[in-house]
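Encoded as structure tokens, the structure appears first; notes follow it.
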Amino acid sequence: MKTILYKSDPKRGKLWQDIFADIAPDYRFIQWTDLDLSQGDPAIFAEVDYLVAWMPPENLAQRFPRLNVLFSIGAGVDQFDLSQLPAELPVVRMVEPGLTQGMVEYVTFAALALHRDMPLYLKQQREHQWKVHPVASAAKRRIGVMGLGELGEATLNTLQSFGFECHGWSRSGKAIAGVTGWAGADQLPEFLAHSDILVCLLPLTDETRGMLNAALFAQLPNGAALIQTGRGPHLVAADLLAALESGQLRAAVLDVTDPEPLPVDSALWEHPAVWLTPHIASQTQPNTAVNALLANLQRFETQQPMIGEIDKTKGY
Ligand code: NDP
Ligand code: OXD
């Protein structure tokens with residue numbers, strides 16, 4: 001029997017445990033929070049084959065001598081210190097339809113709200129102002145998505161169905177039917193010039209940290225809007241506030257901040273053109289995630305490549 005150790009939110013872990021008991025009883029599924037760690041590492045650590053975690057425990061190689069794969073509970077792996085993990089240990093990010101659907105919903109909600117000027121109308125409502133602004137058609141609105149992975153591609157496919165002019169940018173470029181594709185640093189300025197609404201769906205790496213900054217905002221069309229669903233440290237918050245102040249940007253929907261939770265005295269809370277949510281754009285859904293994990297376990301156990309295995313040299 002193979003043993004899976006789960007180390008993340010215990011309430012959601014209980015759901016995972018119940019689903020495993022129901023559909024995959026051949027796996028032993030253990031929750032970190034059910035273990036007694038008061039006397040040091042329990043003997044069961046020596047039997048752990050797979051770890052599913054948001055933050056993995058330290059010293060994996062010494063404490064889990066049988067560990068075969070580290071699975072991230074989320075799509076991102078930036079919470080892992082990859083340099084501290086055993087070099088040969090495969091690391092797999094979460095790719096599962098529930099997580100993808102959640103992101104598609106959130107970005108669609110935010111894109112439609114920005115397209116239809118909702119931050120402005122909400123401000124007007126607060127000021128008891130009845131004032132009409134021109135309504136642009138979706139065909140005249142250009143949406144640019146940074147990051148064309150699992151989430152970026154699915155999001156673009158849905159945004160297209162509203163008739164938006166869709167653009168996508170990534171490191172290596174990706175052909176997506178109906179989307180104008182841009183690749184690499186050379187094409188970033190052209191991509192930005194075509195993004196009335198910019199969506200960040202990049203992983204956080206040394207290359208992408210701080211990328212949403214004044215220099216980038218200056219390359220967007222005047223009055224552009226931002227949807228930030230990547231990671232908080234992508235964004236230089238002071239540069240965003242300055243761009244909102246100058247009118248270079250008209251609004252921003254931020255699901256992620258740096259740090260999280262956002263400090264109570266941050267100027268972002270009160271800004272009328274900023275909408276904030278507490279990192280809820282999407283969440284791994286236990287039902288669909290267990291199926292995705294099981295499919296990957298089967299792949300691993302039959303020596304096939306797993307879906308979502310990261311390239312540690314790239315950091316995603
Ligand atoms: P993927 O790994 O599938 O895709 C990453 C994409 O980013 C690829 O297209 C990649 O390009 C591109 N990319 C990476 N580095 C660069 C770079 N330096 N320059 C240009 N493009 C780059 O990731 P997912 O789509 O699954 O997830 C994306 C991110 O979304 C996660 O890492 C996480 O940060 C965020 N997220 C946020 C959530 C939330 O609730 N707010 C929930 C889930 C995820 P290439 O293909 O060329 O390598
Ligand atoms: C993720 C997240 O990476 O929830 O899945 O942010």
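Laboratory data are not the source of any read-out in this text; all were calculated from the coordinates shown. What you see is a predicted model; the values in this text were computed from it and never measured. No Cβ is skipped: glycine too gets one built from the backbone with ideal geometry, and neighbour counts run over all protein chains shown.
Tabulated results
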quantity: Packing-based exposure ordering (other Cβ within 10 Å, fewest first) of Arg299, Arg250, Arg93; calculated: Arg299, Arg250, Arg93
quantity: Placed amide H near Gly173: partners under 5 Å, 5+ positions off or other chain; calculated: Gly184
quantity: Value of D in µm² per second that Stokes-Einstein yields for the stretch 163-208, Kirkwood Rh from Cα pairs, at 25 °C (0.890 mPa s); calculated: 217
quantity: Among the listed pairs Lys174/Lys312; Lys174/Lys314; Lys7/Lys312, those beyond 27 Å (Cα-Cα); calculated: none
quantity: ³J(HN,Hα) computed for each position of the stretch 165-179 - Karplus, 6.51 cos²θ - 1.76 cosθ + 1.60, integer Hz, glycine/proline x; calculated: 7, 9, 10, x, 9, 8, 4, 9, x, 8, 7, 10, 3, x, 10
quantity: Reciprocal mean inverse distance between Cα atoms of the stretch 99-276 - Kirkwood radius, Å; calculated: 16.3
quantity: In Hz, Karplus ³J(HN,Hα) per residue of the stretch 5-22 (6.51, -1.76, 1.60; θ = phi - 60°; x = Gly, Pro); calculated: 9, 10, 10, 6, 3, x, 5, 5, x, 4, 5, 4, 4, 5, 5, 4, 4, 6
quantity: Principal axis box of the chain, alpha-carbon based, largest edge first, Å; calculated: 67, 41, 35
quantity: For Ile73, distant residues with modelled amide H under 5 Å away; calculated: Ala53, Trp54
quantity: Residue exposure sequence - Met94, Met55 - by fewest surrounding Cβ within 10 Å; calculated: Met55, Met94
quantity: Selection of trypsin sites (Lys or Arg not before Pro), the stretch 3-48, meeting DSSP coil and at most 16 other Cβ within 10 Å; calculated: none
quantity: Residue order, fewest to most beta carbons within 10 Å, for Asp81, Asp18; calculated: Asp81, Asp18
quantity: Within the chain, helix-based [θ] at 222 nm, where runs of 4 or more DSSP H residues each add -39,500 (n - 2.57), nearest 500; calculated: -9000 deg cm²/dmol
quantity: Largest-first principal axis extents of the Cα set of the stretch 179-276 (Å); calculated: 39, 29, 22
quantity: Karplus-derived HN-Hα couplings along the stretch 39-50 (A = 6.51, B = -1.76, C = 1.60, θ = phi - 60°), whole Hz, x at Gly and Pro; calculated: 9, x, 5, x, 4, 4, 4, 5, 9, 6, 8, 9
quantity: Fully extended contour minus Cα-Cα distance, from Asp41 to Asn213, at 0.36 nm per residue; calculated: 57.5 nm
quantity: All aspartates and glutamates inside 16 Å of Lys14 as judged from Cα atoms, apart from same-chain residues fewer than 8 positions distant; calculated: Asp22, Asp34
quantity: Of Leu35, Leu241, Leu156, the one that fluctuates the most in a GNM where the chain has Cα springs shorter than 10 Å; calculated: Leu35
